[in-house]
Amino acid sequence: MTVDATQVAATLASRPIDVLSDHPPQASSGWIGYLAWLIWSLVYNVVKLVTITIPTFMFTPFSAKWTLTLHATTLYVVDMFNRRGRISR
């Protein structure tokens with residue numbers, strides 16, 4: 001049995017596609033549902049801010065190495081500029 005492409009196309013075109021058959025429309029929940037969604041959204045964003053964003057911003061500078069390494073050459077240059085300032089006074 002051979003099926004022609006035009007027959008398949010005609011069959012598919014004649015059948016309506018019902019996208020919403022598996023998912024019936026949801027009823028609107030009104031202002032109470034909106035208020036619950038708004039409160040949940042605010043709580044979610046506050047928890048996300050407090051537990052993820054703020055600790056990330058705090059960890060970044062506090063995990064950096066804050067020590068200053070001075071080599072002999074750096075000390076010599078600092079001393080040279082310091083003495084030049086004293087002489088010109």
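Observations on the structure shown:
- Flag for ALA27 being of a type in the set (Gly, Ala, Ser) and modelled with pLDDT of 70 or more: no
- Qualifying residue in the stretch 54-72 (condition: part of a loop (DSSP other than H, G, I, E, B), β-branched (Val, Ile, Thr) and at pLDDT below 80): yes
- Boolean, SER41 is loosely packed, with under 10 Cβ neighbours inside 10 Å, small (Gly, Ala, Ser) and either at pLDDT below 65 or in a helix (DSSP H, G or I) (or both): no
The values are calculated or read from the model by the stated rules, or taken from the named source; none is laboratory data. Because the structure is a prediction, the values reported are computed rather than measured. Using ideal geometry, Cβ is built from the backbone for each residue, glycine included, and neighbour counts are taken over all protein chains shown.
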